[in-house]
Structure formats: structure tokens, C-alpha cells
1. Could you check the stretch 54-105 and list, in sequence order, the residues that are over 10 Å from residue 189 (Cα atoms) and hydrophobic (A, V, I, L, M, F, W, C)?
2. Looking at the stretch 71-100 only, could you name the residues that are closer than 26 Å to residue 169 by Cβ and buried (at least 21 other Cβ atoms within 10 Å of the Cβ)?
3. For the stretch 128-161, how many residues are out of contact with any helix residue (DSSP H, G or I) (no Cβ under 9 Å at 6 or more places or on another chain) and buried (at least 23 other Cβ atoms within 10 Å of the Cβ)?
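Values in this text are rule-based calculations from the coordinates and carry no lab data. Note that the structure is predicted; figures quoted are calculated from it, not measured. With ideal geometry, Cβ positions are generated from the backbone for all residues, glycine too; neighbour counts draw on all protein chains shown.
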Amino acid sequence: MSRRLLVLTGALSGALLLSACGTADTATQPTRTIPGSATSTTLATTTTAPNYDCSPTTPVVPAEGKPDVTIPDGAAPTQLETKDIKVGDGAEAKVGDKVSMQYVGKAKSNGKEFDASWTRNSEPFSFTIAAPDPSVQGEVIKGWDQGVAGMKVGGRRLLVIPPALGYGDQAKGADIAANDTLYFVVDLVQVCTPVATPAGTGVPGSSTTVAGAPTGSSTTVIPTSTTTAGAAASSTTATTAASTTTAAK
């Protein structure tokens, strides 16, 4: 198991998904009869690339370098605890934002460092913040969704994550025990806010809402990537003499 995968949601058994890696969908595509044509034409699905307003445009590099994570003696807390080591002065991270982080993680059970972005050429880890509701499945463990929200770019924060907001009674590899408490020091290095597609410019059916975002929220456009059987990875359209029609899945 890649060390990078340990941050992610434990509900995805067997493979904690960091970067989606899919195969082509070989299912038959829907058909539609083009007006004026006697034949039925297969229309390929298309994927709408998300639009983001990122601040800053490139992730910042924490001047303090890799932090140390200190685990105190005594019983671990049963609720999420956060402590700002340094308060940032940049954009604030909110539900629905795609954020980039540097981090170090240690487990209470043995005090070992089980994961760190700093050991991978300081490549930031990115994810979309889901709603804090425990019933909403996000891209990371709930302790991260709840603990990172409210940070500002340039900030450094300690997260102490109890099992209920981490991996619960599931052990993860050799370094995270069942019912372990996780200690992270995280740096917020970039916030990217989804930009809603202007009315009339989107592809019908292509927009999806952020996991757990309130009804009516404009923080949308986190599309699911789909691939058309027999088509290139880029979107394909069926064209008549008068117009171009795209069928969204």
C-alpha cells in the first residue's frame, strides 16, 4: 500500500483512492435520432472540466519547512482537537473548496510517522472539503474535512483526530492500529474555489454538487469523469448541418 494513500477515506476497501484511475466504459452509448435524418446516431458522453479560482495561483512553500509532530503522554482525546500553530493570512478554506496541503502524520499507538507529503519531494496533497456531516462521504477522513475547514492559506494547524473521525476499528498497515488516534500537523498552501458555469453555457446534465454542499449552493461543477467506448479521452460530439448536440451522461 502506498504511504500516500493512508490519509484517504477508509470506506474504499482494498484501495484508498488518491488519484482516480479508471478504465474505458464499454457499455453501449444512448442513441438519438437527429431531426431530418432517417438513421439513429450514437452520441458520445462528454466531461466538463471544473473551473477554479485559485489563491494563490501556485501553492506556497512553508518557510518553516517540515514540522515535528509531538504526541503528549496520557489518554488521547475522544473529540476532534485543533490548534493553530500559525494563523494564515490568505484565502480561507470552506466546504466545496479544493485545497492543497503539506502534512505530517503520526499515530498515538506507537508514535511513528506513518505518512508525510514532505518525503515526496514536498508535493502538496489536494482534496475537496466535504460537509462535516458524518453521513457525507468525502475524499478524506472526516477529521480532515472538519479540521482543515476554516484555515487560511499560509496557516499551520495541529489536528488530533479520534478513531471515530479517522479509521475507526480498522488497522491501516503496520503503523496505524485499530481505534488509533491520529496526530497531524498540516499546512494550507492553496485554496481553489469552484466557479459556477454561467447560465446557458454549461452542458446539460454535466454539473454535479459538491459532496454535502447545501441545496442551492453555487459551489458546484465537480464533475465525474466518464469515457466513451471507442472514443478518445476528450469529449466527442455529434454534429448536424445546423448545430452540434452533446449528450451528457
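1. Answer for the stretch 54-105, where residues must be over 10 Å from residue 189 (Cα atoms) and hydrophobic (A, V, I, L, M, F, W, C): 54, 63, 69, 71, 75, 76, 80, 85, 87, 93, 95, 104.
2. none
3. 2
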